[in-house]
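Right, one structure below, let's go through it.
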Amino acid sequence: MQVELVDEAGDAERLEFDIVPDAQADFSHGFLGIGTPLAQAILGQTAGSAVPYRVGDIAQARILSVTLDVQTPTADIEAKRQAVLRQALAQAEQVSDMTFALAVGSKWGDYDPGGAKEE
């Protein structure tokens, strides 16, 4: 599917993507989740139509072309997303431990957050 997002000044940005189930969404690779506001606004529309789409300074979405799925998302997108979330959580916990260690260490002495102390 090709769509133009048109802002209030009339400037347009062209996008090309396939609409997929949310679990397979990966917009950076051309897969827009069906539950997103943009997908909901354009579902069922035909090429040549324009629909209101208010996000920021965007005023409407113009549907330029509608095609069958050209690409197939890889089956492991959800697994990749979960791996990124686990890594982010681990990093956040490490930062939290270090912040606590700095606060405690300045008041009560040595505190080793989960073995982070170098020997």
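At a glance:
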read-out	value
Subset of the range 40-56 (residues that are closer than 22 Å to Asp22 by Cβ, in a loop (DSSP other than H, G, I, E, B) and either of a type outside the set (Gly, Ala, Ser) or open to solvent by less than 70 Å² (accessible area, probe 1.4 Å) (or both))	Leu43, Gln45
Matching residues in the range 28-38 - criterion: being modelled with pLDDT of 95 or more and buried (at least 18 other Cβ atoms within 10 Å of the Cβ)	Leu38
Selection status of Thr72, part of a helix (DSSP H, G or I) and modelled with pLDDT under 85	no
Hey, Gln60 open to solvent by 40 Å² or more (accessible area, probe 1.4 Å), modelled with pLDDT under 85 and not aliphatic (A, V, I, L, M) or not	no
The range 1-17 residues that are more than 16 Å from Gly33 (Cβ to Cβ), paired with ones that are among the aromatic types (Phe, Trp, Tyr) and open to solvent by 30 Å² or more (accessible area, probe 1.4 Å) (beta carbon under 8 Å, 6 or more apart)	Leu5/Tyr53
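The values are calculated or read from the model by the stated rules, or taken from the named source; none is laboratory data. Everything quoted here is computed from the prediction, not taken from an experiment. Glycine gets a Cβ as well: all are built from the backbone with ideal geometry, and neighbour counts include every protein chain shown. These area figures cover heavy atoms from the full protein model, side chains too; ligands, DNA and RNA do not enter into them. Shrake-Rupley method; radii C 1.70, N 1.55, O 1.52, S 1.80 Å.
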